[in-house]
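K.L.:
The structure follows.
The values are calculated or read from the model by the stated rules, or taken from the named source; none is laboratory data. Just so we're clear, the structure is a prediction, and the values are computed from it rather than from any experiment. Reconstructed Cβ throughout: ideal geometry from the backbone, glycine too, with neighbour counts over all protein chains shown.
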Amino acid sequence: MELLDKLNWRYATKSMNGEKVAQQKIDNIIEAASLAPTSSGLQPFEIMVITNKEIKEKIKSIAWNQPVVADCSHLLVFAAWDTYTADRINKQFDLTNTVRGFKNEGWENYRQMLLASYPQRDAEVNFNHAARQAYISFSQAIAAAAFEGVDSTPMEGFDPDALDEILGLRAKGLRSCVILPLGYRDVKSDWLVNLKKVRKSKEDLVTVID
């Protein structure tokens, strides 16, 4: 089970050595994130890939000064739609029709159902829904990074309003929700690197209902 071996290898890396990750590996991680399932296939988020050192330093300052933010090779920022709009929904449904080369009556009825409900909901409700979809992609990016032998650090420890300002996300109708530094562990300075992974027992985690 190669994937399980990789997932056992990974951990929330606390110190990175600044070594650059090959672009092909980054591309594979982004592709895996893109392939993640999302509600209605809308993919209501965008992924910012940051390598600029000055911008990473700015983000570090609003992320509890965690060094991994600046020392990583690539910093991924998952930013969810601030709300659902008719334009956003239609764009994704139109893309589906274009890629598949035909229109389906059931699919078009489903489009109308979403248009009649999502845009009318409270914007905060919509953002929270979109953010949950972003987290699915985020989780898949973590697994893909491990598969590529790339370390990652899942992080919610930052000021989202400040990050939105740094990246100009609100003007794009986006709000940051979670970030993922990618790079390689600094084994000499990372206190977590040699500690055993701790997880609940299957008995505490899983309930089987048959």
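K.L.:
Taking interchain pairs and intrachain pairs at least six residues apart, which have beta carbon atoms under 6 angstrom, with the first residue in the range 35-52 and under 23 Å from T85 (Cα atoms) and the second among the hydroxyl-bearing types (S, T, Y)?
P.N.:
Short answer, once both residue conditions are applied: A36/S137.
K.L.:
Just checking, how many residues over the range 176-196 are out of contact with any His (no Cβ under 6 Å at 6 or more places or on another chain), in contact (Cβ under 8 Å) with a residue 12 or more places away in the chain and surrounded by 10 or more Cβ atoms within 10 Å (Cβ to Cβ)?
P.N.:
Here the count works out to 14.
K.L.:
Let me ask something else about it. Output yes when any residue across the range 56-64 is over 15 Å from L182 (Cα atoms), at pLDDT 95 or above, of a type in the set (G, A, S) and assigned to a helix (DSSP H, G or I), and no when none is.
P.N.:
Yes - at least one qualifying residue is present in the range 56-64.
K.L.:
Mind listing whichever residues of the range 1-31 are in contact with a helix residue (DSSP H, G or I) (Cβ under 6 Å, 6 or more places away or on another chain) and over 26 Å from K60 (Cα atoms)?
P.N.:
Once the filter is applied, which keeps residues that are in contact with a helix residue (DSSP H, G or I) (Cβ under 6 Å, 6 or more places away or on another chain) and over 26 Å from K60 (Cα atoms), the range 1-31 yields K6, L7.
K.L.:
Six or more apart or on different chains, Cβ under 6 Å: which pairs go from a residue in the range 1-27 that's over 24 Å from L195 (Cβ atoms) to one that's at pLDDT 95 or above and surrounded by 12 or more Cβ atoms within 10 Å (Cβ to Cβ)? Could you list them?
P.N.:
Qualifying pairs under 6 Å: K20/S73; K25/E148; K25/V150; I26/H74.
K.L.:
Tell me, which residue of the range 25-42 that is of a type outside the set (A, V, I, L, M) and not in a helix (DSSP H, G or I) is nearest to A79 (Cα to Cα)? Steps first, answer last, please.
P.N.:
Taking the range 25-42 and keeping what is of a type outside the set (A, V, I, L, M), we get 25, 27-28, 31, 34, 37-41.
Checking the rest, the ones that are also not in a helix (DSSP H, G or I) come to 37-38.
Values: P37: 16, T38: 14 Å.
By that ranking, first place goes to T38.
K.L.:
I would also like to ask the following. Being within 20 Å of A146 (Cα to Cα), among the small types (G, A, S) and over 17 Å from the mean Cα position of the chain (by Cα) is the filter here; which residues of the range 10-60 pass it?
P.N.:
From the range 10-60, those within 20 Å of A146 (Cα to Cα) are 10-37, 47-51; that's our starting set.
Filter once more, so that each one left must be among the small types (G, A, S): 12, 15, 18, 22, 32-34, 36.
If the condition is that a residue be within 20 Å of A146 (Cα to Cα), among the small types (G, A, S) and over 17 Å from the mean Cα position of the chain (by Cα), then S15, G18, A22 are the ones that fit.
K.L.:
Could you please let me know if W107 is in a loop (DSSP other than H, G, I, E, B) and either more than 24 Å from the chain's Cα centre (by Cα) or surrounded by 20 or more Cβ atoms within 10 Å (Cβ to Cβ) (or both)?
P.N.:
The answer is no for W107.
K.L.:
Another question, if that's okay. Of S176, S139, which residue is in contact with a strand residue (DSSP E or B) (Cβ under 8 Å, 6 or more places away or on another chain) and either outside the structural domain of T38 (by TED's automatic domain parsing) or not in a loop (DSSP other than H, G, I, E, B) (or both)?
P.N.:
On the way: S139 fails: in contact with a strand residue (DSSP E or B) (Cβ under 8 Å, 6 or more places away or on another chain).
Testing whether each residue is in contact with a strand residue (DSSP E or B) (Cβ under 8 Å, 6 or more places away or on another chain) and either outside the structural domain of T38 (by TED's automatic domain parsing) or not in a loop (DSSP other than H, G, I, E, B) (or both) leaves just S176.
K.L.:
K91 - would you say it is within 27 Å of I29 (Cβ to Cβ) and exposed (fewer than 15 other Cβ atoms within 10 Å of the Cβ)?
P.N.:
yes
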